[in-house]
Amino acid sequence: MKIWSAFILLFAISSCGSPEPEDAETVSIETVDEIQKEDAVEHAAKEQKIGTFVLPNEVVVLSFKTNKKKQVFLCRDKDNKYLVYRFGSKSKVELQFPEKLNESSFQKFEHSSYFRGGGAENLAMNLDYLSFTNSGYRYVIYKTYASESEENEDEVGIRVIQQKTKKETRIAGDFNTFEGGFPEEVMEKVTQSEVLYD
């Protein structure tokens, strides 16, 4: 009888202390969900650093593809808190300028332009440049039209000028992919310049 009572008491104690299998399974699923959410957030952060040309809080100022299928994006924060340039392949941002995105970013860009109307007989032209300096190179995003040019059409692209040697490399853009422009509300926030690159 004592043995039987001890057995019943031991069974009762062990039953009270262990959770039901369903509760244990629920805790496990919640833990897995939390881990997956954390992984997803971490993955999204890495994607933004590596492969995203336009972040959720940004709008595109201008964009185009180069003839060699690279991507060019100039973006601003929706609340005009910063301006940023990104260049790279379809899946990877190879250059972002500036690295720190804040109000001071606008002053790191220079805008210059020239317009002369009157058609071909007046040698009409429309020149727009946005430039910045990074690691000893000046990068110039350009959109130009000159009526006396052989093709008589708009051109877009990037000029990369080594500051010491003045050696220049042109990265031609595909004008058919050009979107956006040089809006006044953005250009008035950047440094104004009179330097023309043509």
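Points to keep in mind about this one:
- Net charge of the neighbourhood of GLN162, taken over other residues with C-beta under 12 Å away and scored Lys/Arg +1, Asp/Glu -1, is +4.
- Environment charge at ASP77 (Cβ cut-off 12 Å; Lys +1, Arg +1, Asp -1, Glu -1): +1
- With Cα atoms as the point set, segment 51-192 shows a radius of gyration and Dmax of 15.3, 47 Å.
- Taking Cβ atoms as reference points and 9 Å as the exclusive limit, the residues near PHE175 contribute a net charge of -3, counting Lys and Arg as +1 and Asp and Glu as -1.
- Note on ASN176/GLU103: beta-carbon distance plugged into 1/(1 + (r/R0)^6) with R0 of 30 Å gives a FRET efficiency of 0.30.
Since every read-out is calculated from the coordinates, none of them should be taken as a lab result. Since this is a predicted model, take the numbers as computed values, not measurements. So basically every Cβ, Gly included, is an ideal-geometry build from the backbone, and we count neighbours across all protein chains shown.
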